[in-house]
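Just so it is clear, none of the values below were taken in a lab; they were calculated from the coordinates. In this text, all values refer to a predicted model and were calculated from it rather than measured experimentally. Positions of Cβ are generated from backbone atoms using ideal geometry, with glycine treated the same way; all protein chains shown enter the neighbour counts.
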Amino acid sequence: MMRRMAMALALPALLAACGVPRGAAMQSEILSGTQSETSNVQVVEVTRETLAEIENWPPAHPQMRHNWTRASAAATARLIRAGDRMTISVWDSQPDSLLTTGEQRVVNMQNVEVSATGYIFVPYVGEVRVAGMSSDRARREIQDLLAPIVPDGQVQLAVTPGSNNTIDVVTGVSRPGRIELPEISPTILSVLAEAGGISPSLRNPLVRLNRAGESYAIPAADLFADPSNDIRLRGGDRVLVEEDQRSYIALGAAGSEQVVYFERETISALDALSTIGGLSDTRADLQGVMVLREYPESAVRETGAYPRKTQVVFTFDLASADGLFAAQRFHIEPNDVVLATESALPAVTQLLSLLRTVNNIAR
């Protein structure tokens with residue numbers, strides 16, 4: 001009689017054990033129905049063999065991060081451009097000079113702006129084209145043109161660069177602002193250094209260059225690593241340094257559930273798991289790690305190295321060497337969901353524990 005009463009009291013606990021609270025779904029629950037022809041989800045098991053094709057798939061969310069230009073300014077003297085302002089000083093010691101007086105042997109023409117067509121106006125000479133010249137050549141050109149008027153005259157010339165002869169460093173540095181183009185075209189690293197360097201607080205910074213209506217980008221780490229990337233800048237260039245905004249979502253039976261930002265340029269599936277504290281020892285299914293990714297319709301093809309459907313679930317078996325090596329080479333993309341599914345073992349273990357408890361009570 002007492003044994004039957006014990007069993008009756010334990011029955012509700014046994015039933016409750018069948019629905020043990022979980023923090024994540026099981027792999028079988030997520031993949032349920034994906035084999036149907038009407039399913040909108042493609043399931044791909046990631047192994048070293050299948051990875052060779054997956055690596056050739058188009059990116060789900062392409063971003064401009066590696067299209068750096070090799071075309072740079074030659075290491076020559078700065079050229080005068082439209083918008084520059086010039087100070088022209090003419091020295092003449094002749095007592096009957098047309099430009100100077102007995103008390104003042106120098107005449108200064110200040111803030112002479114180079115017109116949009118590249119000309120300046122010089123008294124007694126008229127319009128003089130100076131755009132495209134170095135400051136030294138422009139000085140000699142003006143002096144030669146003034147020779148019939150002031151044969152012994154000497155010309156001094158100072159140029160203040162206009163917007164076409166400056167470089168704007170907009171964001172991501174200690175001292176953003178406008179930098180005047182020096183006499184010799186500077187490299188991008190020297191310009192960044194003059195602006196105080198890239199802010200150390202930026203996560204995996206990206207350097208962008210806007211030039212003549214074109215945009216280029218390179219990760220700062222790559223810019224520093226390869227001297228050939230240290231291109232010379234031109235007047236009118238704009239430099240922006242931005243923090244890496246790419247992220248993925250971590251869910252399930254892992255160390256944490258959160259939005260995770262890219263700390264470096266590429267992150268593998270194993271990197272992603274280690275970043276969030278790894279898999280839960282008591283809950284995670286080593287054969288049920290998944291990466292969920294959504295592709296645009298334009299990337300879907302029936303044949304070739306393309307996804308077959310817009311929604312793709314990549315599965316990993318981290319209980320095998322093949323699966324581990326494949327996960328080490330599989331690259332996480334922005335907006336991916338890294339999901340560690342729940343193992344069925346904890347529920348089974350808890351159920352067996354309850355059965356042992358009931359059996360002990362019934363004895």
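Could you list Glu333, Glu103, Glu45, Glu214 so that the one with the fewest beta carbons within 10 Å of its beta carbon is first and the one with the most is last? Could the numbers behind the result be given before it?
Values: Glu333 19, Glu103 5, Glu45 13, Glu214 10.
So the residues, fewest neighbours to most, are Glu103, Glu214, Glu45, Glu333.
Given a cut-off of under 8 Å on Cα pairs at least six residues apart, what relative contact order in percent is computed for the stretch 239-332?
Taking the mean separation of contacting Cα pairs over the length of the stretch 239-332, I get 27 percent.
Tell me, what is the percent relative contact order of the stretch 85-160, built from C-alpha pairs under 8 Å that lie six or more residues apart?
Values: 115 pairs, mean separation 30.0, N = 76.
It rounds to 39 percent for the stretch 85-160.
Length gain on complete extension for the stretch Gln311 to Val41, per 0.36 nm per residue less the alpha carbon to alpha carbon distance?
96.7 nm
Give me the distance between the Cα centres of the stretch 166-214 and the stretch 240-264, rounded to whole Å.
Answer, in whole Å: 27.
So, in Å, what gap is there between the alpha-carbon centers of the stretch 215-236 and the stretch 44-59?
Rounded to whole Å, the Cα centres lie 32 Å apart.
Which order do His331, His66 fall in if you start with the one that has the fewest other Cβ atoms within 10 Å?
Result, fewest neighbours first: His66, His331.
Round to a whole angstrom and tell me the spacing of the C-alpha centers of the stretch 285-337 and the stretch 142-161.
First find each Cα centre; the distance between them is then 71 Å.
Please compute the contact order of the stretch 151-208 in relative form: average sequence separation of alpha-carbon pairs under 8 Å and at least six residues apart, divided by the residue count, as a percent. Can you show the working numbers first?
Details: 44 pairs, mean separation 16.8, N = 58.
Here the relative contact order equals 29 percent.
Would you order Val90, Val130, Val112, Val125 from fewest to most other beta-carbon atoms within 10 Å of each residue's own beta-carbon? Don't jump to the answer; show the numbers that get you there.
Details: Val90 25, Val130 28, Val112 18, Val125 14.
Going from least to most buried by this count: Val125, Val112, Val90, Val130.
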